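K.L.:
Got a structure for you, questions after.
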């Protein structure tokens, strides 16, 4: 297999707050892929950095009475500590506030200027006179110009209306509480439409993007003229001043992705490598891992910048969904907004790496963390099946070591070796869920061998010492083979296996050849079952932290972008399906017979649906903020009637009603025209 040269990046975490378990989905996903590539023998470099510029950093530093540089330096130490605690191993971790980044920004900017893609326009924005700064949308509140609802944010109202901050009635700055004034300032724009043809071709060819992302871009942006991209901000602003436009600074979304290149430059300088070998070399693969909220920037703006400046384009942009906890958005009040450092006080990071791997697929589906499932999966898969192979056999050969020749195991090791390429293909495609299933299947086949051989009984008969050694040799080799396959996900368990069997796991090929004639160290406990009391303690501590922190401007400003929000609101289209896939969903007209509040749930109403005759379904629907129970009784709705029941702490939900909208008060149930009757199938 020819070796590949691969540069891998994960999105740069913003330096305005701590790492939390939602962030960790991406960094664990990326670290697994990098470790897999290195295990396969490829030259793979993992690059990241802190994203440090923007208004939010400037405002927070001002509030805390210190410089932006002090703030971002402290944050970077905390970020790197948290990543290392979860065994996320970067080859270089830099900062966008670096001389390397400023130099590259200037180089790329001049290329964009030379391509005549830049134009200037005066933009009117609200300005906080007391704070001396222009206000992003999130720093303004006021009365909606349409429905007259008070205390609405600067870009959209609960009624669904969108607007510019200047359109608000009686706007107020959230920074000072004063009334801002309208001021004009020069902004610089990149005319992205000039790159439309290139972007259309790049996004639609060569498997650079997942199919649903291709459809999303084609249906929402590339189907029409691309709007100009505002890439500057007037002073005051924490960032790099634009050399040929004094008083203006590159917008954070201009210099942030260039941070990938700057961090690469730092790695090259440390190791005596050529930067151009990584960013101007057709044989180098560049893989970006990002969340779906920043799809727009990485699939349109970023390729356009690279193309204009003559750098390598991404080989693949791997996009993942968001993390939910118990099927809901992470919540500070519920204690499910969990900081990485809080998690580490209570639970083993190995647990989270495995759980995320078991849930991550190749598509953009959101990943749900259900703590009951979390505990059951760790206890069953890792403790009960994988580690169990070693714990039940290693202690019996601590004195003798492994057999000199590999015994007959009925073909188990050979079966496992043959599975290696299928497991590898799943890793390559970021289909970790499939990889974990294939690996656990190997453990499911190996454990009955140990159970039937019963080494704990063989050890009682001195005449069966060779048989005991052979059985344990098979068990430990099957265990090690599984650990080779799991090592990208569980590097610490791989290290423990090395300590036990004395041979480092350095290559995927080690899954193809059993160990024989080597010593076995004294077995040390590798992994404990999940303590559910620790989970509850972690949630309670997270609640206490949220109460102590309280709301702050820093929390409000956690998102670094503002005037590009509209580009992110449309959800990517799902991958194309066939009519056979579609008809598996049995959609039926149903009548709401009863509707009641679920007091313990923030979002849920409990509905009893009639589907004609005596057919009933109990459904828990997340529509509490949008509908009153009494208004739903008698209404016709559309439900998915053959959805597998889902057990919740409030009861079992036996279906799903169909609705649109982002959630909260913006939920809109599908209506059924007059003439529809309960039980009719929806085609």
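K.L.:
Of everything in region 628-639, what is crowded, with 20+ Cβ neighbours inside 10 Å and in a loop (DSSP other than H, G, I, E, B)? Give them in sequence order.
P.N.:
Scanning region 628-639 gives no hits.
K.L.:
Please state which one of 384, 420 is at pLDDT 95 or above, more than 30 Å from residue 346 (Cα to Cα) and under 33 Å from the mean Cα position of the chain (by Cα).
P.N.:
Going through 384, 420 in turn, the sole match is 420.
K.L.:
So, residue 108, is that one more than 19 Å from the chain's Cα centre (by Cα) and touching a residue at least 12 places away in the same chain (Cβ under 8 Å) or not?
P.N.:
yes
K.L.:
Also, quick follow-up: Does residue 225 satisfy the condition of being assigned to a loop (DSSP other than H, G, I, E, B), out of contact with any strand residue (DSSP E or B) (no Cβ under 6 Å at 6 or more places or on another chain) and at pLDDT below 90?
P.N.:
no
K.L.:
Show the residue pairs meeting these rules: Cβ distance below 8 Å; 6+ apart or different chains; first residue within region 503-531 and in the same structural domain as residue 352 (by TED's automatic domain parsing) and under 30 Å from residue 345 (Cβ atoms); second residue in a loop (DSSP other than H, G, I, E, B) and modelled with pLDDT of 95 or more.
P.N.:
505/487
K.L.:
Taking the residues in region 132-159 that are outside any strand (DSSP E or B) and touching a helix residue (DSSP H, G or I) at 6+ places or on another chain (Cβ under 8 Å) as candidates, determine which candidate is farthest from residue 244 (Cα to Cα).
P.N.:
145
K.L.:
Could you please find all residues in region 99-120 being closer than 21 Å to residue 196 by Cα and either in contact with a strand residue (DSSP E or B) (Cβ under 8 Å, 6 or more places away or on another chain) or assigned to a strand (DSSP E or B) (or both)?
P.N.:
Those that are closer than 21 Å to residue 196 by Cα and either in contact with a strand residue (DSSP E or B) (Cβ under 8 Å, 6 or more places away or on another chain) or assigned to a strand (DSSP E or B) (or both): 109, 112, 117, 118, 119, 120.
K.L.:
Could you tell me whether residue 239 is at pLDDT 95 or above, closer than 29 Å to residue 199 by Cα, in contact with a helix residue (DSSP H, G or I) (Cβ under 7 Å, 6 or more places away or on another chain) and not in a helix (DSSP H, G or I)?
P.N.:
Criteria met by residue 239.
K.L.:
Right, residue 438: touching a helix residue (DSSP H, G or I) at 6+ places or on another chain (Cβ under 8 Å), surrounded by 22 or more Cβ atoms within 10 Å (Cβ to Cβ) and modelled with pLDDT of 95 or more or not?
P.N.:
So residue 438 does not fit the description; no.
K.L.:
Out of 469, 415, 496, report the one residue that is within 33 Å of the chain's Cα centre (by Cα) and either assigned to a helix (DSSP H, G or I) or free of Cβ contacts under 8 Å to residues at least 24 places away in the same chain (or both).
P.N.:
Step by step, each of 469, 415, 496 is checked, and only 496 is within 33 Å of the chain's Cα centre (by Cα) and either assigned to a helix (DSSP H, G or I) or free of Cβ contacts under 8 Å to residues at least 24 places away in the same chain (or both).
Quick grid of which residues meet (1) under 21 Å from the mean Cα position of the chain (by Cα); (2) within 30 Å of residue 445 (Cα to Cα); (3) assigned to a loop (DSSP other than H, G, I, E, B):
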residue	(1), (2), (3)
288	yes, no, no
304	no, no, no
312	no, no, yes
324	yes, no, no
332	yes, no, yes
336	yes, no, yes
379	no, yes, no
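K.L.:
Please determine whether any residue of region 32-42 is without any contact (Cβ under 8 Å) to a residue 60 or more places away in the chain and assigned to a loop (DSSP other than H, G, I, E, B).
P.N.:
Looking for residues that are without any contact (Cβ under 8 Å) to a residue 60 or more places away in the chain and assigned to a loop (DSSP other than H, G, I, E, B), one finds at least one in region 32-42, hence yes.
K.L.:
May I pose another question? Under 8 Å between Cβ atoms, at least 6 apart or on separate chains: pull out the pairs that start in region 399-412 with a residue that is in the same structural domain as residue 466 (by TED's automatic domain parsing) and touching a residue at least 60 places away in the same chain (Cβ under 8 Å) and end on any residue that is outside any loop (DSSP other than H, G, I, E, B) and surrounded by fewer than 19 Cβ atoms within 10 Å (Cβ to Cβ).
P.N.:
400/465; 403/466; 409/449; 412/445; 412/449
Okay, residues lined up against (1) under 27 Å from residue 331 (Cβ atoms); (2) modelled with pLDDT of 80 or more; (3) assigned to a strand (DSSP E or B):
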{"position": "591", "(1), (2), (3)": "no, yes, yes"}
{"position": "595", "(1), (2), (3)": "yes, yes, yes"}
{"position": "608", "(1), (2), (3)": "no, yes, yes"}
{"position": "623", "(1), (2), (3)": "yes, yes, no"}
{"position": "647", "(1), (2), (3)": "yes, no, yes"}
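The values are calculated or read from the model by the stated rules, or taken from the named source; none is laboratory data. Since we're looking at a predicted model, the values are computed, not measured. Heads up, the Cβs are rebuilt from the backbone with ideal geometry, glycines too, and the neighbour counts pull from every protein chain shown.
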